[in-house]
Amino acid sequence: DGSLTVCPNCGYTNHDGDDRPVLPGEQVMVFRSLYQFRPLRRWEVVAMRNPQDASQLVVKRVVGLPGESIQIRHGDIYADGQVQRKSLAQQRAMAILVHDANHTPARSKLPPRWLPESQQTHWGWADGRFVHAATDPRDPVDWLVYRHWRRVGGEDARVDESPITDDTPGCPVPRRLEDCSFVPDVMLSFRVVTTFGRGLLLLRATDGREEFQVHIDPNAQRYWVLHNGRQILRSGGMGKTPVLEGGVRIELSLFDQQLLLAMDGKTVLTFAYDAGASPRPPTARPLAIGSQGLGLELRELRVYRDVYYGRPVAAAGAWGLDKPVKIAKWGYFVLGDNSPFSLDSRCWPEGPNVDARSLEGKPLAVLISPSDAQWFGGWFKVPDLTRIRYIR
């Protein structure tokens, strides 16, 4: 209409926006008929009608099934009084990246997050590659510890060690540290490029209260696991390992009050434990990798956290927070992965139930800025295949 556009950031008013193209937004591809053939499963993502505006489609994750009593406690989901745990595939789908050692600022003065526990160390690292020299297998364990920190304001590169919390970059409302929740559910993932010499590869994980150690002997191709210093004797607490060469991936997680150990994409141990009714003490050093004499080369070190469910910031939560809520036989309890700011079953005034009839299908992928194309007289959206983001 000839009017000038005002920049929302700097307030500059001399922009003529008439000649600027309108950029298409993201679109979601939905498999609409899937749930006609099978029921919804816990932890699945679903496209549904917004209970407060049926003309709007929203995407949420199913955490409560028909007839269950659902409660959220310390970030975990309880159904009928039992904490609900995830498989390896479900953990991978929901894991939120906290740190990737392959992508660190090249000229940053900030300290690395992976540092040796002792000054007398044989660890070395560069460009996401971590190497430990072979030493005497009788030497003490040489630990490489993940230290989580936050940047302190100011020009100098100062940091404060602090626990992993549920704040998410890009959230619409800034949150103070004291308003965030400590997330004890963490995952370590890395690849073993090669091992040499004799000795052990060790992994350590703690949620602030419980501590686990995994001992791996690559030469004997065996492993065993300790819980608070005592060996786990149940099935899976010890066993054989694949040959740790050529990039075998090892994953270790403490999600949903469960230790999960996977090697080469296969789960070798799940060990459920009770974290207690009180919150776990925060820790800024939840993970460590150690060598006892063994020569190692590791790559792709990544740290993840689980989605932490709590009270929403943007609305008053009423359902499933202070006490369990019973789900109708025709309903589901759904939550958003961006938990602090999601409007979902916790806070809808009409109640927590999502009617099965309002479900539209399973979201498969996000199509980023698809373009229009005409074919046989009709117009179609053509996605850019290089910019598809799959939904898990």
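The values are calculated or read from the model by the stated rules, or taken from the named source; none is laboratory data. From a predicted model like this one, the values you see are computed outputs, not experimental measurements. Cβ sites come from the backbone with ideal geometry, for glycine too, and all protein chains shown count toward neighbours.
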Note to self: Looking at the range 235-243, can you tell me whether even one residue there is touching a helix residue (DSSP H, G or I) at 6+ places or on another chain (Cβ under 7 Å), assigned by TED's automatic domain parsing to the domain that holds Phe130 and not hydrophobic (A, V, I, L, M, F, W, C)?
What the structure shows: no
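Kindly indicate whether any position in the range 327-339 is in contact with a Lys or Arg (Cβ under 7 Å, 6 or more places away or on another chain), at pLDDT below 95 and within 24 Å of Val186 (Cα to Cα).
Yes, there is a match, as at least one residue in the range 327-339 is in contact with a Lys or Arg (Cβ under 7 Å, 6 or more places away or on another chain), at pLDDT below 95 and within 24 Å of Val186 (Cα to Cα).
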Notebook entry, point to check: Out of all the residues in the range 66-91, which are farther than 22 Å from Leu321 by Cβ and surrounded by fewer than 17 Cβ atoms within 10 Å (Cβ to Cβ)?
Noted result: Ser87, Ala89
Checklist line | Matching option when the condition is exposed (fewer than 14 other Cβ atoms within 10 Å of the Cβ) and under 21 Å from the mean Cα position of the chain (by Cα), among Asp207, Asp179 | finding: Asp179
Next item on the list: Confirm whether Thr104 is closer than 24 Å to Asp306 by Cβ, assigned to a loop (DSSP other than H, G, I, E, B) and not assigned by TED's automatic domain parsing to the domain that holds Lys362.
Entry: yes
Margin query: Take the conditions in contact (Cβ under 8 Å) with a residue 24 or more places away in the chain and not aliphatic (A, V, I, L, M) and apply them to Ser55. Does it pass?
Written below: no
Note to self: I need the full set of residues from the range 308-347 which are among the charged types (D, E, K, R) and under 23 Å from the mean Cα position of the chain (by Cα), in order please.
What the structure shows: Arg311, Asp337, Asp344, Arg346
Notebook entry, point to check: Are any residues in the range 238-267 assigned to a loop (DSSP other than H, G, I, E, B) and not small (Gly, Ala, Ser), and if so, which ones?
Noted result: Thr241, Pro242, Val243, Leu244, Glu245, Phe255, Asp256, Gln257, Asp264
Notebook entry, point to check: What do you reckon, is Arg305 at pLDDT 90 or above, surrounded by fewer than 18 Cβ atoms within 10 Å (Cβ to Cβ) and within 25 Å of the chain's Cα centre (by Cα)?
Noted result: no
Notebook entry, point to check: Restricting attention to the range 347-392, and to residues there that are at pLDDT 75 or above and of a type in the set (D, E, K, R), which single residue is farthest from Val59 (Cα to Cα)?
Noted result: Glu350
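One line per residue, one yes/no per condition, for (1) more than 29 Å from Arg129 (Cα to Cα); (2) touching a Cys at 6+ places or on another chain (Cβ under 7 Å); (3) acidic (Asp, Glu):
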{"site": "Cys180", "(1), (2), (3)": "yes, no, no"}
{"site": "Leu203", "(1), (2), (3)": "no, no, no"}
{"site": "Val225", "(1), (2), (3)": "no, no, no"}
{"site": "Glu245", "(1), (2), (3)": "no, no, yes"}
{"site": "Ala262", "(1), (2), (3)": "no, no, no"}
{"site": "Ser278", "(1), (2), (3)": "yes, no, no"}
{"site": "Pro281", "(1), (2), (3)": "yes, no, no"}
{"site": "Ala284", "(1), (2), (3)": "no, no, no"}
Notebook entry, point to check: So how many residues does the range 210-247 have that are within 23 Å of the chain's Cα centre (by Cα) and crowded, with 18+ Cβ neighbours inside 10 Å?
Noted result: 4
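Return yes when Phe333 is among the aromatic types (Phe, Trp, Tyr), under 26 Å from Tyr78 (Cα atoms) and in contact with an Asp or Glu (Cβ under 8 Å, 6 or more places away or on another chain) and no when it is not.
Yes; evaluated as a whole, the condition is true for this residue.
For the range 34-52, which positions are closer than 19 Å to Gly351 by Cα, in contact (Cβ under 8 Å) with a residue 12 or more places away in the chain and not small (Gly, Ala, Ser)?
Val46, Met48, Arg49, Pro51, Gln52
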Notebook entry, point to check: Being in contact with a strand residue (DSSP E or B) (Cβ under 8 Å, 6 or more places away or on another chain), crowded, with 17+ Cβ neighbours inside 10 Å and in a helix (DSSP H, G or I), is that true of even one residue in the range 44-65?
Noted result: no
Checklist line | Counted residues, the range 264-295 - those being within 21 Å of Arg198 (Cβ to Cβ) and without any contact (Cβ under 8 Å) to a residue 40 or more places away in the chain | finding: 0
Notebook entry, point to check: Are any residues in the range 337-392 farther than 21 Å from Val325 by Cα, of a type in the set (Asp, Glu) and part of a strand (DSSP E or B), and if so, which ones?
Noted result: Glu360, Asp372
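Run down Asp142, Asp167, Asp185, Asp160 and say which single residue is exposed (fewer than 15 other Cβ atoms within 10 Å of the Cβ) and of a type in the set (Asp, Glu).
Exactly one residue qualifies, and that residue is Asp160.
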